[in-house]
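Here is the structure we will look at.
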Amino acid sequence: MRIPLGAHTWRFTGGVSAHAAGSAAAARWRAARTRLHCSSGPEQERPEPSVLRHLTSKIKATGPISVAEYMREVLTNPVTGYYVRNNMLGPSGDFITSPEISQIFGELLGVWIISEWMGAGRPKQLQLVELGPGKGSLASDVLRVFSQLQSVFAEASVSLHLVEVSPALSELQAQNLTGKCSQKADAEDEPVYRTGRTTAGLPVSWYRRVDDVPTGFSIFLAHEFFDALPIHKFQRTEKGWREVMVDIDPEQPGQLRFVVTPSPTLASSTLVQAHERRDHVEVCAEGGVIIQQLARRIAEDGGAALIADYGHNGTKMDTFRGFKGHQLHDVLASPGSADLTADVDFSYLRKMAGGGVACLGPVTQRTFLKNMGIDTRLQVLLRNCTDSSTRKQLISSYDVLTNPAKMGERFHFFSLLHHSRLGKPKKPEGLKLEKKPQTAPLPVAGFTELRFS
Ligand SMILES: C[S@@+](CC[C@H](N)C(=O)[O-])C[C@H]1O[C@@H](n2cnc3c(N)ncnc32)[C@H](O)[C@@H]1O
């Protein structure tokens, strides 16, 4: 999605900063990453030589590679990966996301986190863990809510943990969240590769993997993270399920093409469900592993996860697509120069989470934000704002986030919760609760309508 140049970040009197989405953003929302179909289009660019060379040597040496391996190499190869090298978010990048569109988005997620922490009995320690934090805007908006409600956390120790594979983005996150108060680890391969203090004085640490985050009561946030993880693609054929692979096009040697394996692969034999009815399936096994890690931690240490992304409930087929300069881009053209993404299959995440945690959702972004009180928050901001262009921008960004035809119904919220949160009596072992768990638990915000008096 595009937003107007020069209006990206702004402030208005009353001291509330905002990530803007101007009226032009509303007009151009159609270019968002939420488009479902990718067509080759007329664009024929020169390929990024090193990425393409690396992929073709690999394919020549070992044969066609899975789409998951292709996606992993293109996006997160430690040297050439798209995420590793680029700052792709914003008007001059390839796409824009909800936290960059409006401050209200992150503020409401901040309220959600506080509500879940209170619902869990206000544990003394709260780890806020964000997966794939982009520019750090979401964490920054959440932490602003925390500091405005400081008295709520008077006796709690709060820390921020960022799981980020991109050195370029982690640098940007550090600047946005800590100013100059962060330092890199001495050795590059340290699990905690950067540490610092946020401008409000909270400790913040960076990791490449969820597994490296310390255990303890944690609230996990993942906004447009799961859609960036590698997917396997499978095609139903007359001979059964076969995996879609990436190969060198023999007729155009500098180009890649999709092929279907002649026989089953380990992935096609294990990842496609026996009762599958679709003819084409995408499975994000890496996302499944990460959900299992979150579920295990929540079951053992308490906490919750809030996952927001575009996706479906096990119904869609071919959603793999590329984005470059806010336009759809052929996924196999100039690898490394464009973002690659696929819709999140929430039914798969629910299945992989297992029975150790409770799952809520998915509900649409519109429902979630309205339940969280976005209308009330908008009114408060408008009441404090006299500048007419800022007012227009606030209204326009609200519309982009909630309009069913824009992001309102394309994005969904999904949550993992400890069973005790929904009224089941079991308390996580070792979790020190400041207050006894309530017999009638608080409703889970966002997934239930809250009343504001
Ligand atoms: C689409 S961006 C979303 C950024 C941000 N959450 C937002 O909504 O603005 C995906 C983010 O996940 C990070 N990322 C992608 N794959 C990752 C991986 N395997 N491990 C950790 N971070 C990853 C990217 O570097 C980037 O920060």
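Each value in this text was obtained by applying a stated rule to the coordinates, not by laboratory testing. Everything numeric here is computed off the predicted structure, so don't read it as measured data. In this analysis, Cβ positions are derived from the backbone assuming ideal geometry, glycine residues included, and neighbour counts consider all displayed protein chains.
See the values below:
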{"read-out": "Dipole in debye (nearest 20) - segment 182-284, about Cα centre, beta carbon charges: Lys, Arg +1; Asp, Glu -1", "value": "260"}
{"read-out": "Residues LYS316 and ARG209, FRET efficiency given R0 of 25 Å [Cβ-Cβ distance, rounded to 0.05]", "value": "0.30"}
{"read-out": "Net charge of Cβ neighbours under 10 Å - reference CYS359; Lys, Arg +1; Asp, Glu -1", "value": "+2"}
{"read-out": "For segment 287-304, Karplus couplings with θ = phi - 60° (6.51, -1.76, 1.60), whole Hz, Gly/Pro x", "value": "x, x, 5, 5, 4, 4, 5, 5, 4, 5, 5, 5, 5, 7, 10, x, x, 7"}
{"read-out": "Mean projected area in nm² (Cα convex hull; one quarter of hull surface) for segment 335-388", "value": "7.8"}
{"read-out": "If the convex hull is drawn through the Cα atoms of segment 199-245, its volume per residue in Å³", "value": "161"}
{"read-out": "Greater than 32 Å apart at Cα, pairs in LYS124/LYS233; LYS58/LYS239; LYS135/LYS370; LYS124/LYS406; LYS180/LYS392; LYS60/LYS239", "value": "LYS124/LYS233; LYS124/LYS406; LYS180/LYS392"}
{"read-out": "When the convex hull of its Cα atoms is projected in every direction, mean area for segment 46-201 (nm²)", "value": "12.1"}
{"read-out": "Fraction of antiparallel bridges per DSSP, segment 42-194 only, in percent to nearest 5", "value": "10"}
{"read-out": "Bins of 10 Å, starting at 0 and running to the largest distance - Cα pair percent for segment 228-324", "value": "13, 36, 31, 15, 4, 1"}
{"read-out": "Rounded Å value of the spacing that divides the Cα centres of segment 108-127 and segment 161-177", "value": "23"}
{"read-out": "Electrostatic dipole magnitude of segment 304-392 [Cβ: Lys, Arg +1; Asp, Glu -1; Cα centre; debye, to 20]", "value": "400"}
{"read-out": "Pairwise FRET efficiency - VAL260 versus GLU171, Cβ, R0 = 41 Å, nearest 0.05", "value": "0.50"}
{"read-out": "Estimated dipole of segment 101-185 in Debye, rounded to 20 [Cβ of Lys and Arg +1, of Asp and Glu -1, Cα centre]", "value": "200"}
{"read-out": "q = 0.21, 0.22 Å⁻¹, segment 163-224: log10 I(q)/I(0) [Debye, one scatterer per Cα]", "value": "-0.91, -0.99"}
{"read-out": "In nm, spacing of pseudo-spin labels at SER50 and GLN148 (7 Å Cα→C-beta vector)", "value": "4.3"}
{"read-out": "Value of D in µm² per second that Stokes-Einstein yields for segment 117-272, Kirkwood Rh from Cα pairs, at 4 °C (1.567 mPa s)", "value": "70"}
{"read-out": "Distance in nm between pseudo-label sites at ALA200 and ALA274 (7 Å out along the Cβ direction from Cα)", "value": "5.1"}
{"read-out": "Positive-pole candidate from GLN183, VAL145, LEU131, dipole of segment 77-189, charges at beta carbon", "value": "VAL145"}
{"read-out": "Table column - 3J(HN,Hα) (Hz), segment 143-157, Karplus curve with 6.51, -1.76, 1.60, x for Gly and Pro", "value": "5, 5, 5, 4, 6, 6, 10, 3, 4, 5, 9, 3, 9, 10, 9"}
{"read-out": "Column: log10 I(q)/I(0), Debye, Cα scatterers of segment 62-120, q = 0.14, 0.16, 0.29, 0.30 Å⁻¹", "value": "-0.67, -0.75, -1.07, -1.10"}
